[in-house]
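The values are calculated or read from the model by the stated rules, or taken from the named source; none is laboratory data. Keep in mind that this is a model prediction, so the values were computed, not measured. All Cβ positions, even for glycine, are placed from backbone atoms using ideal geometry, and neighbour counts span all protein chains on display. Keep in mind that these areas ignore ligands, DNA and RNA; they rest on the heavy atoms of the full protein, side chains included. Shrake-Rupley method; radii C 1.70, N 1.55, O 1.52, S 1.80 Å.
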Amino acid sequence: SGINAEYVVKIAQSKEAVVSTQSTGMNGDTTSLTAITDNLKKAKLDANVEVVVAPPACYLQRISTELSDKATVNVSAQNVHEAGKGAFTGEISCGMALDCGAKYTILGHSERRHVFGESNKQIGAKTAAALRAGLTVIACIGEKEEERESGKTMDVCTEQLQAFKENIGDWNKVVIAYEPVWAIGTGKVATPEIAQETHEQIRAWISANVSPDVGAAVRIIYGGSVNGKNCGELARQPDIDGFLVGGASLKPEFVDIINVNA
């Protein structure tokens, strides 16, 4: 993982929207990203699925322009800064992301937390800024392997959720992405049962701490070594509304993941 192209797929269903996010990190160049966009433009995509492509910031405008004719495809930033402007060399603001065509931003990705040291407080501030600016937030939560093994999965997830909750006014503009850190890019996948159990607990926490209506409607997607082979069984789980896709998003099978419910 690293600076890759990141993609979000929102699969609309009757009451909820299913979201599959392609998260590839600091990867991709003009040639490889053009191959991805060409693949998406040529493919017959499930009409009920919104695909959100999140490339590295330097490619946001280009990818937005290339995909502008694809009605079901939007663009996302991988991260934004909480300040509107200022002396923050190397950062991009919410306004800059919007100006480049983004409608979404990913926030709280495990790499931002564990590689770059972003705190729950800072991620909360970014969330407030993004929502104020008009971006939809893909809010990432998830535990490390030792935290799961010691039974602290929901302690970690609820602490992260609380920081988001304190900064969210309109939950219609938020997608929750559960990404167990131990399953990102490792080839390890939470079994459908483990993923469903955690998603169910996350939904129950939101129902109890925000409202039952928000708990029922919020889209909770799973991230962690999702590919064309395992996405079907994961998609059948009642509380999994889509995916945060990693390496598979750089491959043609990403279309198969988008069309999993077609």
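Remarks
- Hits in segment 194-204 - residues which are touching a residue at least 40 places away in the same chain (Cβ under 8 Å) and either open to solvent by less than 40 Å² (accessible area, probe 1.4 Å) or closer than 25 Å to Asn259 by Cβ (or both): Ala195, Gln196, Thr198, His199, Ile202
- Tally, over segment 104-136, of residues that are open to solvent by 10 Å² or more (accessible area, probe 1.4 Å) and β-branched (Val, Ile, Thr): 2
- Any hit, segment 142-160, residues being surrounded by 21 or more Cβ atoms within 10 Å (Cβ to Cβ) and touching a residue at least 60 places away in the same chain (Cβ under 8 Å): yes
- Residue under evaluation Glu179, criteria (1) within 16 Å of the chain's Cα centre (by Cα); (2) surrounded by fewer than 19 Cβ atoms within 10 Å (Cβ to Cβ), criterion not met: (2)
- In segment 54-81, of all residues being modelled with pLDDT of 90 or more, aliphatic (A, V, I, L, M) and assigned to a loop (DSSP other than H, G, I, E, B), the one that is surrounded by the fewest Cβ atoms within 10 Å (Cβ to Cβ) corresponds to Leu67.
- Hits in segment 189-204 - residues which are assigned to a loop (DSSP other than H, G, I, E, B) and either among the hydroxyl-bearing types (Ser, Thr, Tyr) or over 20 Å from Gly242 (Cβ atoms) (or both): Thr191
- Look at segment 205-222: where a residue is closer than 15 Å to Leu244 by Cα and a partner is open to solvent by less than 30 Å² (accessible area, probe 1.4 Å) and assigned to a helix (DSSP H, G or I), sitting 6+ places away or on another chain with Cβ atoms under 8 Å, you get Ile220/His199; Ile220/Ile202; Ile220/Arg203; Tyr222/Ala195; Tyr222/His199; Tyr222/Leu234.
Residue by residue, here is whether (1) touching a Cys at 6+ places or on another chain (Cβ under 6 Å); (2) under 22 Å from Gly223 (Cβ atoms); (3) free of Cβ contacts under 8 Å to residues at least 40 places away in the same chain; (4) outside any helix (DSSP H, G or I) holds:
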{"site": "Val52", "(1), (2), (3), (4)": "no, yes, no, yes"}
{"site": "Ala83", "(1), (2), (3), (4)": "no, no, no, yes"}
{"site": "Ala87", "(1), (2), (3), (4)": "no, no, yes, yes"}
{"site": "Gly101", "(1), (2), (3), (4)": "no, no, no, yes"}
